[in-house]
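Below you'll find the structure, written out as structure tokens, and then a few comments.
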Amino acid sequence: MKIKFVTLNVFNGNYLDQCADFLKRENPDIFVLQEVYDGGDTRLETKYRSLEILKNHFSSHHCYFSPEYFRAIKGRRIDSGNAIFTRSPIIKRQTDFFSGSYRERTKESFEEFLNSPRNLQQVQIKTEDTIIHIFNTHGIWGTHGRDTSDRINMGELIAEEVKGKEKAVLAGDFNISTDTRTIGLIKRQLKNVFKDELRSTFNMKIKTPFVKKLHFFNDGDITSFSKAVVDMIFVSEDIKVVRHYQPKVDISDHYPLAATLEI
């Protein structure tokens, strides 16, 4: 049995229509998203209603949303977090925080970027007679892609959750480089689909103007982003990777990753 899988950081819904069009073209059986807003109010800007709009676009998929924090925008409470969409029914779901806990993000500042709560969401789905484990995460943010004690704790928690799982897929924006101890902990349990093939997972056409607006970055940081691989897909040893690729599409400050997997 083959499944099509996609992971994408939707950049807070800033290019939501383009994201939806891309996902329709790719037509994945399973896709996992990061930086998804769930505002639930039609008076809000489109990006703050990303979850609702994507659910409408993909009404045949089942969805599990795990908010990491909420913001108060125009007097309304808006959740932000991770989402898993799957054609197959979800039979079990779970969310674990590895950094902080669900709370209000009061302002868009350096400190809030560093200290925003982060979680790992997981579901079990049943397709035909097969149980598949799907994990999705958005890692701890920082001004560099190297190990910190908090990131190592993140790696330990994720590694423990995926350990021993058969037919498991883990993906997301890990916010850390592939050659770190943190990711090494995960690679002891699962194989990295893209290995060392990617030059960067950032779309610098979109990332650069965004970064230049933030006073705590400089030109050297922009160069670092252009060489950073932080988005990844991992699978258990019993899954065969038939095809994998990085679509170069202008739909986010991250490029999506896609794979066809034989379960």
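Couple of notes before you dig in:
- Per the listing ASP196, ASP179, ASP173, ASP150, the residue uniquely out of contact with any helix residue (DSSP H, G or I) (no Cβ under 8 Å at 6 or more places or on another chain) and surrounded by 21 or more Cβ atoms within 10 Å (Cβ to Cβ) is ASP173.
- Qualifying residue in segment 31-39 (condition: modelled with pLDDT under 95, more than 26 Å from HIS244 (Cβ to Cβ), assigned to a loop (DSSP other than H, G, I, E, B) and over 15 Å from the mean Cα position of the chain (by Cα)): yes
- Residue ID - farthest from LYS126 (Cα to Cα), chosen from residues in segment 85-96 that are in contact with an Asp or Glu (Cβ under 8 Å, 6 or more places away or on another chain) and surrounded by 19 or more Cβ atoms within 10 Å (Cβ to Cβ): THR86
- Complete set of residues in segment 19-40 that are more than 14 Å from HIS254 (Cα to Cα) and among the polar types (S, T, N, Q): ASN27
- Cβ-Cβ distances below 6 Å connect the following pairs, each with a first residue in segment 104-132 that is closer than 22 Å to LYS74 by Cβ, a second residue that is part of a helix (DSSP H, G or I), and a separation of six or more residues or different chains: ARG105/GLU112.
- Residue pairs meeting the criteria (Cβ under 8 Å; at least 6 apart or on separate chains; first within 17 Å of GLU26 (Cα to Cα) and modelled with pLDDT of 95 or more, in segment 46-63; second part of a helix (DSSP H, G or I) and small (Gly, Ala, Ser)): LEU54/ALA20; HIS57/ALA20
- Filtering segment 61-84 to residues that are within 30 Å of ASP129 (Cα to Cα) and either crowded, with 23+ Cβ neighbours inside 10 Å or not aromatic (Phe, Trp, Tyr) (or both) leaves HIS61, HIS62, CYS63, SER66, ASN82, ALA83, ILE84.
- Annotation for segment 229-245: no member residue is touching a helix residue (DSSP H, G or I) at 6+ places or on another chain (Cβ under 8 Å), acidic (Asp, Glu) and closer than 30 Å to SER109 by Cβ.
- In segment 148-263, counting only strands (runs of 3 or more DSSP E) that sit wholly within it, the ones holding 1 or more residues that are free of Cβ contacts under 8 Å to residues at least 24 places away in the same chain and either at positive phi or not hydroxyl-bearing (Ser, Thr, Tyr) (or both) span 240-245.
- Of the criteria (1) touching a Lys or Arg at 6+ places or on another chain (Cβ under 7 Å); (2) under 18 Å from LEU8 (Cα atoms), which one SER236 fails: (2)
- Within segment 131-145, considering residues that are part of a strand (DSSP E or B) and more than 17 Å from the chain's Cα centre (by Cα), the one surrounded by the fewest Cβ atoms within 10 Å (Cβ to Cβ): ILE131
- Candidates GLU68, GLU111 - the one that is under 19 Å from PHE174 (Cα atoms) and at pLDDT below 95: GLU111
The values are calculated or read from the model by the stated rules, or taken from the named source; none is laboratory data. Predicted model, so just to flag it, every value in this text is computed and none were measured. Neighbour counts are summed over all protein chains in view; Cβ atoms, including those assigned to glycine, are modelled from backbone coordinates with ideal geometry.
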